[in-house]
Amino acid sequence: RLRDAEVFISPSLLISPSLRTKVLVIVVGLLRSFRETWPVVSQQLQLESPGLDVDIVVASDLGTPCSDKDVRENRCPHEWTRLSHAEMRRDLRATYGTWLRHIEDQSGKHSGGDQRAFEARVLRLLRSHTAGANLRPWSEYSITLALRPDVIFVQPHPMGEHRFLIVDLAQVCAEFPGLRIIGGSQSRPEVFHNRDWDFAWLICAPATVRNWLLLDASPRDSCNASWPGCARTRPRPPPLPRGLTGRWSEWKSGKRDRRSAGVGSKLAGPPARGVPTLTGLASSTKHPHSSTDEAWRHNNACTTKDRSLCDRVLYALVRKLPFGPLPESTMLAH
């Protein structure tokens, strides 16, 4: 008899599994500080909410949890680099708990240090038959969050002290559907976006992981094919989506620097080597080429290794797919 007994019923049992929002979290990149960051991130994302049905997959090089630079700068204990693959798997299961569905060991498949490596790892994960066997079909997830293991959510503060941030994924996706970049908290002039854009991507309906990785791209989505302005002669790349604060171009020189000028200063001549200007291709600012320095050339990202960014912008533009960063009130930091 339960007349005087207290009965506890988990709130999650009151919601039918078919009605819960299915969320896929893809943790991708070097596992340098996941033990410290994940307890914070899981709380920030409120993953214990009864309305969420969460799956987590990890895609990383288990043999390289940290870079040499991380060890040198004391951002990664040296003993972590000596863990066996079995020990790393054990730590991952202990940290990510019952949400963890699959660990994709990408040892020996390092993609380099640039931001495209983030997506390359996810692409390999999606093509993995083992991962597919442990997860629902990718299309069943209403929300997909791909993020690095060493970041937490913050609300930037003008005085430099970031504030702890709670993120309601369902609400964010309702307000900002489509493909969304969650930028880094630090701002610096750069091509495409003036914040780190490889920290995390949030993929909300009507977009899917398939759209994010351009898996169904056609020739019309190619920068060269459908946007003649992407050609090297008289380049004019597609317009950047609203909210992206970078540009498609930067000034570089093949010669040793002969002068220096800071970003945003009044340039008497070409800026220092590798320093990007604040002007884009459509700017009316005077072209900084001079007859006395023909070594300076205009670098258009859409004609270099970063052309995939232009393709992504065109893909979203042609398909009328919402694409851009989340507001700067939601950022990520190491």
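Data table
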quantity	calculated
Estimated vicinal HN-Hα couplings, Hz - region 33-44 in sequence order (Karplus 6.51, -1.76, 1.60; Gly, Pro = x)	8, 5, 5, 8, 7, 4, x, 6, 5, 4, 5, 4
Selected from Ala120, Tyr96, His162, residue furthest toward positive end of dipole (region 39-176; charges at beta carbon)	Ala120
For region 33-186: span of alpha carbons on each principal axis (Å, largest first)	45, 42, 29
His78, His334, His102, reordered so the largest accessible area comes first (probe 1.4 Å)	His334, His78, His102
Ordering of 316-322, 139-145 by packing [mean C-beta count within 10 Å, highest first]	139-145, 316-322
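The values are calculated or read from the model by the stated rules, or taken from the named source; none is laboratory data. Treat the numbers as computed from the prediction; the structure is a model and nothing was measured. Every residue, glycine among them, receives a Cβ derived from its backbone with ideal geometry; neighbour counts consider all protein chains shown. The accessibility values were calculated without ligands, DNA or RNA, using every heavy atom of the protein model including side chains. Shrake-Rupley method; radii C 1.70, N 1.55, O 1.52, S 1.80 Å.
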